[in-house]
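Structure record follows, encoded as structure tokens.
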Amino acid sequence: YRQFEEEESEAPLGATLSGRKRLFSKELRCMMFGFGDDQNPYTESVDLIEDLVIEFITEMTHKAMEIGRTGRVQVEDIVFLVRKDQRKYARVKDLLTMNEELKKARKAFDEVKYA
């Protein structure tokens with residue numbers, strides 16, 4: 001715990017412990033507001049959520065790289081990893097279905113456009 005405290009105090013404002021810039025602050029602020037937070041949530045809250053999001057994405061990516069093809073992450077690997085979590089699995093299926101529908105709609109639009 002003490003080591004984490006020391007690392008935290010060394011991070012400059014607007015950057016994570018690793019020194020990278022904040023990537024999702026704007027989107028997270030909007031999402032937090034949409035889920036009932038204040039219109040302008042505390043910067044510390046947004047930074048904490050972003051750290052958790054980045055940590056989750058990093059862990060999932062590493063796990064996906066271990067189970068799938070070496071050095072590649074494929075959709076099937078992510079589906080495999082979330083298969084036991086009903087909420088995540090349902091969301092992944094919804095997003096994949098929506099993605100397919102968007103592809104079909106774009107293709108149909110392009111066919112009409114060039115006809």
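Points worth noting:
- Segment 28-72 - residue that is within 16 Å of the chain's Cα centre (by Cα) and of a type in the set (Lys, Arg) and, of those, nearest to Val82 (Cα to Cα): Lys63
- Of the residues in segment 60-77, none is in contact with a Pro (Cβ under 9 Å, 6 or more places away or on another chain) and either surrounded by fewer than 15 Cβ atoms within 10 Å (Cβ to Cβ) or at pLDDT below 90 (or both).
The values are calculated or read from the model by the stated rules, or taken from the named source; none is laboratory data. Values in this document were obtained by computation on a predicted structure and should not be read as measured data. Please note: Cβ atoms are built from the backbone with ideal geometry, for glycine as well, and neighbour counts cover all protein chains shown.
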